[in-house]
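Worksheet: the structure to be examined is printed underneath.
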Amino acid sequence: MSNNDGGFSRAVANSASRGRKVLDIAPRDAENTGMRLAIVMAAALGLGGCLLELPGPGADGESDGPDLAHIDLEGAPQDEPQEAPPTAPAVESPGEPADVPDQHLEVAVEGAPELSGRFWAWDTVCLPPGGAATIKSLRPGYELALADPGAWTGAGGKAEPSGGDVLALKVPQKPGGMYRLEMRGAKRVAFWLCVLTEAAATRDRRPGTWRLKIGRETLGTYADPAASASRLVREHKDLYAPPRHFLRIDGSTERLQLAPHLLAGQMVSFIEVDGRKTKRRHTAWFPPNRPLIEKLERLSRELAAGGVRFKRLTINSGFRSPVYNARIGGSGYSRHMFGDAADVMVDQDGNDRMDDLNRDGVCDHRDALVVAQALRKLELAGSVRPGGIGVYGYDTAESCAAFVHVDARGFVTRWGSDYRRGRSLALNWWPPEEFKEDESD
Ligand SMILES: [Ca+2]
Ligand SMILES: [Ca+2]
């Protein structure tokens with residue numbers, strides 16, 4: 001049994017060997033693309049939680065937060081040691097997702113919409129080295145200030161307050177720095193500013209393709225979107241440029257809070273070797289993507305509001321380097337390579353399988369549909385960046401039984417696959433009027 005990329009690679013390889021089309025990592029059964037399964041999930045969404053009670057304080061988001069003690073992580077990835085950031089942040093234990101207050105900061109990073117967005121208390125604001133950003137308080141009466149302005153300016157950064165509730169920042173050049181930002185008013189709210197590392201993109205021999213490296217590590221080659229078989233990819237080719245800025249996961253950043261219920265270490269999954277899970281990642285680097293991070297947090301809150309009880313989503317597969325994506329048989333244009341995709345499940349009981357969210361006694365695609373419908377609701381409400389939703393169900397112990405692909409690619413796409421007795425059935429769970437494409441990327 002597996003809930004990580006090893007399981008997916010088997011699933012994808014199995015489907016590929018049967019000659020099926022692959023949509024992202026979603027195999028489609030050509031024989032069954034016309035089959036539409038009418039799944040009504042309203043009843044499931046209305047059901048109460050079936051999972052464990054969670055300990056921990058309800059985060060009111062306006063406390064001073066935790067001490068800045070270093071956390072030694074059991075089972076930290078076996079990365080080569082590197083220089084620790086100036087301060088190694090701890091994270092508070094968040095309450096259930098429904099307890100999270102709304103966002104506090106609006107951040108606009110010049111030329112980097114993938115890093116821009118809104119932030120909750122103690123979130124990490126990821127910034128490009130040497131870049132420029134404007135940070136605005138969304139709470140009236142609160143002022144923004146760096147906790148240690150000397151450290152920021154000493155590293156070559158600049159911070160210009162404007163009216164108290166806006167900070168115009170020039171980011172230090174040196175990657176890996178971590179600085180504390182505070183919002184000061186009736187209470188004090190804190191955030192982290194994290195300086196990312198820039199990847200080097202060089203043109204590949206094939207036209208329109210780019211090779212990406214960070215230091216000596218080659219992440220792989222990004223294909224030319226203009227050459228995709230998918231009309232949607234060709235029409236959105238600007239969204240298929242290689243990511244530029246990366247965060248390194250190590251012992252000091254693994255538990256960095258990206259959102260109240262999402263940690264940096266979750267964004268690259270552990271790999272399997274010979275069918276066994278390891279504590280190794282295929283890479284320590286991932287490109288933070290704020291629209292995805294906000295989408296996953298809002299999804300957590302939506303599920304919690306629907307009665308699902310859990311601490312945080314389980315991410316089976318987050319960022320994949322192109323080298324790794326190719327190794328496990330992912331689509332050549334998979335959003336996992338761009339940092340804005342994650343395969344998720346709710347696994348509060350920790351058995352590597354999706355929990356029984358609809359409480360019908362079995363774990364299958366119907367549980368994934370609970371998650372998918374929550375996502376779809378958020379997209380229809382316009383509260384998250386639209387993207388792909390893929391639903392997967394299995395009837396075998398070889399997999400996590402059910403999971404949902406979510407991404408924030410910027411345009412809507414939908415798919416679904418239900419594996420039964422070794423066969424893959426197309427699961428067209430979305431209303432047909434919402435999405436009619438039959439795409440292969
Ligand atoms: Ca479970
Ligand atoms: Ca179920």
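Please treat every number below as a calculation from the coordinates, not as lab data. Because the structure is a prediction, the values reported are computed rather than measured. In this analysis, Cβ positions are derived from the backbone assuming ideal geometry, glycine residues included, and neighbour counts consider all displayed protein chains.
Tabulated data
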{"item": "Lys/Arg +1, Asp/Glu -1 at C-beta; region 101-197 dipole; positive extreme among S116, L127, G185", "result": "G185"}
{"item": "J(HN,Hα) series, region 230-236, from Karplus relation 6.51 cos²θ - 1.76 cosθ + 1.60, nearest Hz, glycine and proline x", "result": "8, 4, 4, 5, 4, 6, 10"}
{"item": "Length-normalised contact order for region 101-197 - Cα pairs under 8 Å, 6+ apart - percent", "result": "30 percent"}
{"item": "Those chymotrypsin sites (Phe, Trp or Tyr not before Pro) in region 329-421 that DSSP places in a loop and that have at most 16 other beta carbons within 10 Å", "result": "F411"}
{"item": "Burial ranking of peptide ranges 225-234, 207-216 (average Cβ count within 10 Å, highest at the top)", "result": "225-234, 207-216"}
{"item": "Antiparallel DSSP beta bridges within region 94-211, percent to nearest 5", "result": "90 percent"}
{"item": "Rg followed by Dmax, in Å, when region 101-197 is reduced to its Cα trace", "result": "12.1, 35"}
{"item": "Charge-dipole axis of region 362-441 as Lys and Arg at +1 and Asp and Glu at -1 on Cβ define it, positive-most pick from Y392, G410, Q373", "result": "Q373"}
